[in-house]
Amino acid sequence: MDDANKLGSRICAYRERLGITQEELAQRTGTDINFITDVEEGNIYPAVGMLIKLSRALGKRLGTFTDDIVVKDPLITKASERTEEGSTQGRSHYHYFPLGKGKTDRHMEPLFIRIDPECGEDVSSHDGEEFIMVLSGKIELTYGKEKNMLGPGDSVYYNSLIPHKVSAADDRPAEIFAVIYVPF
């Protein structure tokens, strides 16, 4: 079972356990029922901002839907062992490599993210904070009405309740390290 199907079936199972409809979940997340259906059927793997909204709407932490195994502390992820999660066969410009997977008591979501050029994703907004460090390439950060360019070694820390978007700049891919905190 691929990542999108796994994620979708887990979201569906928790939604059904809570006795809420797809329409109610769509209302709670500010999206439409077609999006919820596509997620639950494994047709799409949502961006992190939407995953956070889904997890909050279902009263669970993000890792509840993305973790497969439990590991003991310390959790070490070797660069050569990172695996992409959430690939949707070219339907997203973000490639997520979770770095905290398996640490079930975590309060942050550390991620290595590869961003393709021509990022067409919309701005997102969710509770919490984000820290991003650019590893390679350049990114454009849209934060509210501001736009900022960041290059390798630059970092940004912001309140993720403000609408924001991180995209590759200069028509070239970029790689970032991101830590997302969402209060539960």
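Key figures
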{"read-out": "Condition met for ILE69 (more than 25 Å from THR31 (Cα to Cα), assigned to a loop (DSSP other than H, G, I, E, B) and either modelled with pLDDT under 95 or in the same structural domain as LEU51 (by TED's automatic domain parsing) (or both))", "value": "yes"}
{"read-out": "Search result, residues across segment 9-48 that are among the small types (Gly, Ala, Ser) and in a helix (DSSP H, G or I)", "value": "SER9, ALA13, ALA26"}
{"read-out": "Residues of segment 167-179 that turn out to be aliphatic (A, V, I, L, M) and either touching a Phe, Trp or Tyr at 6+ places or on another chain (Cβ under 8 Å) or not assigned by TED's automatic domain parsing to the domain that holds LYS147 (or both), as a count", "value": "3"}
{"read-out": "Among residues of segment 49-66, those that are modelled with pLDDT of 80 or more, touching a Phe, Trp or Tyr at 6+ places or on another chain (Cβ under 7 Å) and not in a helix (DSSP H, G or I), counted", "value": "2"}
{"read-out": "Verdict on LYS103 being out of contact with any strand residue (DSSP E or B) (no Cβ under 8 Å at 6 or more places or on another chain) and at pLDDT below 80", "value": "yes"}
{"read-out": "Identity of the residue in segment 1-27, more than 18 Å from the chain's Cα centre (by Cα) and of a type in the set (D, E, K, R), that ends up surrounded by the most Cβ atoms within 10 Å (Cβ to Cβ)", "value": "ARG15"}
{"read-out": "Qualifying residue in segment 3-18 (condition: modelled with pLDDT of 90 or more, of a type in the set (Phe, Trp, Tyr) and either farther than 21 Å from PHE112 by Cβ or out of contact with any Leu (no Cβ under 9 Å at 6 or more places or on another chain) (or both))", "value": "no"}
{"read-out": "All positions within segment 145-184 that are in contact with a His (Cβ under 8 Å, 6 or more places away or on another chain) and at pLDDT 95 or above", "value": "TYR158"}
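The values are calculated or read from the model by the stated rules, or taken from the named source; none is laboratory data. Every value quoted in this text rests on a predicted model; they were computed, and no experiment measured them. With ideal geometry, Cβ positions are generated from the backbone for all residues, glycine too; neighbour counts draw on all protein chains shown.
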